[in-house]
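This report refers to the structure that appears directly beneath it.
All of the numbers you see were taken from the coordinates with simple rules; none came from a lab. Worth saying up front: this structure is predicted, and the values here are computed from it rather than measured. Cβ placement follows ideal geometry from the backbone for every residue including glycine, while neighbour counts extend to all protein chains displayed.
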Amino acid sequence: MKNFAIKLFRRKTSIKNIKIEENNKKTIGVIGASPKMGVTHLSLSIANFLCSALKKKTLYIELCDDSQLLVVVGDRQINFDGHTGFLYKGVTYVLACDVDEAIQLIDSWEGFIVVDFASYSKTNSIVFQRCDTKLLIGSMTSWCSRNVYQISNKLKGDCMKNISYINLKNDKAETVLIKKEFKWNVFVRPIIDNPFRLKESDFEPLIQIIK
Amino acid sequence: MIPDGISDRYDIVQILQETAATAVLLVNYKKIGALRILKAIHRAHPNAHSILSEAHLLQGIKSSQIPTIISVEDTDEMYYLVEEYVEGQSLREYLLDTTITKETLLNIAISLCNVIEALHNADGGPILYRDMKPEHVILQNDTVRLIDFGIAVRKSEAAKARPLGTINWAAPEQLKAGPLDERCDVFGVGKIIEFMQKNSLEKDDYKLRKLVIQATDEDINNRISSITILKNRLLELQDKTINKYEDKRYLCKKIAVVGAAHAVGATRIAMNMCRLLNKKGTDAYYKDEKGDNVHSLMENLDGAKIKDGILYHDNFRGILNYGEAVETQKPPKGVYLIDCGVDMEAALDCDKIIVIAGGAPWQKQCFPDWIGDKTVTIIGNMTGKLNMIKLAKSLKKKVYMYPHSTSIMGLSKEEERIIQKILQDEKLCY
């Protein structure tokens, strides 16, 4: 029993099959089925994980009209390829970005891109279509499930392919329901205290999501 | 000009320096029979007030390593300054017939830093000494004393001061009348360390040489920024000299592996050394100083695990250089194999250096001038025996030959044997 406890305490994070992309270029889009699902929190966690843990060149696109992140990441302004961005902890942030600029950036950026969709709409669906990994955060609780069905209707077509659904809690019934209804891969949303100060224990769930 | 009116109190023992309007004399104070230095200057001399200012400057300094001012007098014609005669041998005289050890060198350099630190922290604002040279450093048994404060100035008045100093010893900005601060004395102490190193048993010590280069950088902005930092760096070196054999398990804590050219296999050898040390029970960690090799391994190695910023894979342990957004990890204790790529400068911070030489005719290899140092080991990789013999002859140093291996991640028996031999021969680790 004692040995088991020691083993458990000393357990190392297994990082089997961590290889994300052969050509080091990938676009990850994150949308929420309902408001306040933690889209920005997860997007920031992914971007910082890619940059600080995996040492990948990472661009963060905040696809919205008004930036929420400027006060956090806006200390160091940089200009690159005709765009204005901000460099924070190694990640390049393009804030309050519109659809045209986002498309341009996806085409030109040589590295990983995380797109934070403040809200999914017809206008920005073209950007979501361009994402290699599409993440949808939602909840199948009775007061939120309607939103999941609504967004699934909006996503019908190209966007429906390769969606990874991030459930807010680890609920087997909800996982079965999502898989049956939408045929999406289901993951549980990782609990990350601070996306700007990741722990090694945060790596494993993030790898699973973005692979 | 020998001043009048002093014969009632002083006997002139020796005229040390004499001009038409100034004199520096070694005198005997008749009353108690003590030797003193008497400096005299004519009132009409443009620098007549320098004697008074020197006296003022020295008064505010709390250090037993500078001469004591005994009296300042003036007559109708002259100003006099009488100060303690500092007996002893100047550093230049001492080094004429003595080769010093690293320990002595560091003791002298640290003592010198202490005096300059006292000057820079003087009451009333920092004093810039500006005249550091071996003739002004006097050794009295175990004490180091500094003399001749004739051109010392307060930092606040340095902008108005005349560009004085000794060529080859004074900082370039001092001779060019540029803006002066404490860094001009850092330059001076750096020059003294350089002078001592040339006359020491540690001529090739690259750590000292690196320190000298940083202290005597012509560009003031690249120079060590304060005398306290220089002193701390010297103290670190002194600690290392004293504690060299204290840690019995890890004789060397940091071993740099650096390539004499690109693609000579420095990374592979560093990783294999790390594997072998761990296999033999010594905690060893590979660290990539210049790139993200460990992160690439993390992606590409199946079965690798991470914990506390270390990547574990069989006997390999690599330090992950996480970025700013990952919690910082406490570095583990053990031997570090630092992969410096081809950056020889980066290797200078380590206890031992292993230089990997290649042998391809198209490779332009560069060997630093400290290659002869006893802390440097050379390994020839991916080349023939003849090339290595030639290299050993040209460098006048033993060259180990690394065996050819077909295994990418493994460690062949022959590799194990040669690495073990190198580690034992060169006393890198137990």
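Observations, loosely collected:
- Efficiency of FRET between B:D283 and B:K203 - r from beta-carbon atoms, R0 30 angstrom, step 0.05: 0.30
- Using alpha-carbon coordinates, inclination of helix B:50-59 to the longest axis of chain B, degrees: 60
- Segment A:95-209: C-alpha gyration tensor shape, a/c 1.5 cut-off, then a/b vs b/c: oblate
- GNM result for chain B, Cα springs below 10 Å: residue of B:L139, B:L180, B:L301 fluctuating most strongly: B:L301
- Expected 222 nm ellipticity per residue - DSSP helices of 4 or more, -39500 (n - 2.57), all of the protein assembly as shown, to 500: -9000 deg cm²/dmol
- For segment B:254-425, the Kirkwood estimate of the hydrodynamic radius, built from every pair of different alpha carbons, is 16.5 Å.
- Cβ-Cβ FRET estimate between B:K330 and A:K57, R0 fixed at 25 Å, reported to 0.05: 0.30
- For chain B, built as a Gaussian network whose Cα springs stay under 10 Å, the top-fluctuating residue of B:P403, B:P46, B:P179: B:P46
- Residue-wise HN-Hα coupling along segment B:111-116, computed from phi with Karplus coefficients 6.51, -1.76, 1.60 (Hz; x: Gly, Pro): 4, 5, 4, 4, 5, 5
- In degrees, nearest ten, helix B:227-242 long axis to first principal axis of chain B (Cα): 50
- Secondary structure note: in segment B:254-425, about 25% of the DSSP beta bridges are antiparallel.
- The count of lysine pairs in segment B:274-343 whose Cα atoms are under 18 Å apart, excluding pairs fewer than 8 places apart on the same chain, comes to 11.
- Inter-label distance, nm, simple model (7 Å from Cα along the C-beta direction), A:E204/B:D123: 6.6
- Here's how it looks for A:I166: its modeled amide H is under 5 Å from those of A:L136, A:I137, A:G138, A:F187, which are all 5 or more places away or on a different chain.
- For chain B, a Kirkwood radius taken over Cα pairs fed into Stokes-Einstein (4 °C, viscosity 1.567 mPa s) yields D = 51 µm²/s.
- By the rule of a C-alpha distance below 19 Å, with chain neighbours fewer than 8 residues away ignored, the aspartates and glutamates paired with A:K172 are A:E181.
- Under-5 Å amide H pairs with A:T27, H placed in peptide plane, nonlocal only: A:I113, A:D132, A:T133
- Nearest-ten-degree value, helix B:206-215 long axis tilted from longest Cα axis of chain B: 50
- Mean sequence separation of contacting Cα pairs (under 8 Å, at least six apart), scaled by the length of segment A:49-113, corresponds to a relative contact order of 42 percent.
- Between B:T68 and A:K36, the distance separating the two model label sites (each 7 Å from Cα on the Cα→Cβ line) works out to 7.9 nm.
- Förster-model FRET efficiency, 56 Å R0, B:L235 and A:V99, C-beta, rounded to 0.05: 0.40
- Taking the fewest neighbouring Cβ atoms within 10 Å as the starting point, the ordered list for B:E18, A:E110 is A:E110, B:E18.
- Look at the alpha carbon pairs under 8 Å that are at least 6 residues apart: their mean separation over the length of chain B gives a relative contact order of 11 percent.
- GNM flexibility winner over chain B from B:V13, B:V24, B:V342 (Cα, springs under 10 Å): B:V13
- Applying the Karplus relation 6.51 cos²θ - 1.76 cosθ + 1.60 with θ = phi - 60° to segment B:387-396 yields 3J(HN,Hα) values of 4, 5, 5, 4, 5, 4, 5, 5, 8, 6 Hz, where x marks Gly and Pro.
- A simple rule links phi to the HN-Hα coupling: the Karplus curve 6.51 cos²θ - 1.76 cosθ + 1.60 with θ = phi - 60°, which for segment A:163-180 gives 7, 9, 8, 9, 8, 6, 9, 7, 10, 5, 4, 5, 4, 4, 4, 4, 4, 6 Hz, with x for Gly and Pro.
- Subset of B:K176/B:K210; B:K39/B:K203; B:K31/B:K155; B:K155/B:K203 violating a 27 Å alpha-carbon distance limit: B:K39/B:K203; B:K31/B:K155; B:K155/B:K203
- Volume per residue of the convex hull around the Cα atoms, evaluated for segment B:46-87, comes out as 76 Å³.
- Over all pairs of different C-alpha atoms in segment B:89-242, the reciprocal of the mean inverse distance, the Kirkwood hydrodynamic radius, equals 15.5 Å.
- Cα-Cα pairs of the protein assembly as shown separated by more than 34 Å (percent): 62
- Label-to-label distance, nm, for residues given as A:M160 and B:K374 (7 Å Cα→Cβ offset): 7.8
- Residues B:R130, B:R317, sorted so that the one with the fewest Cβ neighbours within 10 Å comes first: B:R317, B:R130
- Antiparallel content of DSSP bridges confined to chain B, in %, to 5: 65
- Sorted by Cβ neighbour density within 10 Å, fewest at the top, the residues B:D74, A:D202: B:D74, A:D202
- Cα-based shape type of chain A, given that a ≥ b ≥ c are square roots of the gyration tensor eigenvalues and the cut on a/c is 1.5: oblate
- The H on the amide N of B:D288, modeled in the peptide plane, is under 5 Å from the matching H of B:V294, B:I319, B:D339, each at least 5 residues off or on a different chain.
- Percent of beta bridges antiparallel (DSSP, the protein assembly as shown, rounded to nearest 5): 50
- Per-residue average of Cβ from other chains inside 10 Å of B:312-324: 3
- Across segment B:89-242, C-alpha contacts under 8 Å between residues 6 or more apart give a mean separation that, scaled by the residue count, equals a relative contact order of 28 percent.
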